[in-house]
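K.L.:
The structure's right below; bear with me while I get my questions together.
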Amino acid sequence: MEIWIDTADINQIKEAYKWGIVSGVTTNPSLIVKAQKKYGISDFSMQKYILSIFEITKDDPVSLEVTSTDCEGMYNQAKNLHQTFSEYGKPVIKIPINPSEENKANYDGLIVTSRLAKEGILTNVTLGFTPEQALLAARAGATYFSPFLGREDDYIKNKELKHDNGITGGADLLENIMDVLNPYGFSTKVISASIRDISHVRNSAKAGAHIATIPFKILEEMAKHEKTAEGVKLFVEDSRKVPEYEALCNYSSS
């Protein structure tokens, strides 16, 4: 499973890339504005800021989200984003699976995804909450599909539901999506999104998600364990009792 970082914070992206485990970035306008406020950037240029992300990621995917909710608006924005940034890296255009704000059947997101796929523009169909949506996105030729695990958990909890149309939570949603897509050999890759804790990462890997896009603070938590720290402390203490071994470790033949 690939690991992407879900942030627009340049310092977090730089740090995570140093670790050698990240191979993509997902972001959106809200995350970019949040980073702008965090660092108090006064002469802010959205284009320059996004370009600074591509300077770090090189040829790795960077998801950029459209803001329109109608067919032509989304299509034109997607084309503009692709044309603006494709020479600097690999932009992936985030398209909502259903851009309706009133929970009505709206296929504009799929129409745009299909058009972009035919033009070779990478897409990330986002805000997914059902296996059926994943199937539609795959049929439309989406490069990626993003189910939102944490938000699905929240929805079921806040509504005090036993299940959401048979789905019992975010992990179950992802499992069902993989079960639906895997038999048919779709090229669409599933990005496990809205990761709220380490268990979401674990469940994503177990379910066979192709990618998990993870907030920086959770990436930090993944490397930690109390017993790991305890063991390191013991090894360091013991090494001081065997100076010959420490000398061997520090020996240079040059």
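The values are calculated or read from the model by the stated rules, or taken from the named source; none is laboratory data. Keep in mind it's a predicted model, so treat the numbers as computed, not measured. FYI the Cβ positions are ideal-geometry reconstructions off the backbone, even for glycines, and counts take in every protein chain you see. Only protein heavy atoms, including side chains, enter the accessible area calculation; ligands, DNA and RNA are left aside. Shrake-Rupley method; radii C 1.70, N 1.55, O 1.52, S 1.80 Å.
K.L.:
Residue 227 versus (1) over 21 Å from residue 5 (Cβ atoms); (2) of a type outside the set (Asp, Glu); (3) in a loop (DSSP other than H, G, I, E, B): which is the lone unmet condition?
P.N.:
Going through (1) over 21 Å from residue 5 (Cβ atoms); (2) of a type outside the set (Asp, Glu); (3) in a loop (DSSP other than H, G, I, E, B) one by one, residue 227 breaks only (3).
K.L.:
List the residue pairs whose Cβ atoms are under 7 Å apart, where the first residue sits in the stretch 65-77 and is more than 13 Å from residue 98 (Cα to Cα), the second is of a type outside the set (Gly, Ala, Ser) and open to solvent by 60 Å² or more (accessible area, probe 1.4 Å), and the two are 6 or more positions apart or on different chains.
P.N.:
The qualifying pairs are 75/115; 77/67.
K.L.:
Taking the stretch 63-82 on its own, how many of its residues are more than 22 Å from the chain's Cα centre (by Cα) and of a type in the set (A, V, I, L, M, F, W, C)?
P.N.:
1
K.L.:
Could you check the stretch 91-121 and list, in sequence order, the residues that are in contact with a helix residue (DSSP H, G or I) (Cβ under 8 Å, 6 or more places away or on another chain), hydrophobic (A, V, I, L, M, F, W, C) and open to solvent by 40 Å² or more (accessible area, probe 1.4 Å)?
P.N.:
111
K.L.:
Further, regarding this structure: For the stretch 31-62, which positions are under 18 Å from the mean Cα position of the chain (by Cα) and open to solvent by 90 Å² or more (accessible area, probe 1.4 Å)?
P.N.:
Residues satisfying the conditions are 34, 58, 59.
K.L.:
Residue by residue through the stretch 200-254, note down the ones that are closer than 30 Å to residue 32 by Cα, surrounded by 10 or more Cβ atoms within 10 Å (Cβ to Cβ) and among the aliphatic types (A, V, I, L, M).
P.N.:
Correct list: 201, 205, 209, 211, 212, 214, 218, 219, 222.
K.L.:
Show the residue pairs that are 6+ apart or on different chains and have beta-carbon atoms under 8 Å apart, the first residue being within the stretch 41-62 and closer than 21 Å to residue 17 by Cβ and assigned to a strand (DSSP E or B), the second being open to solvent by 40 Å² or more (accessible area, probe 1.4 Å) and of a type outside the set (Val, Ile, Thr).
P.N.:
61/90; 61/122; 62/90
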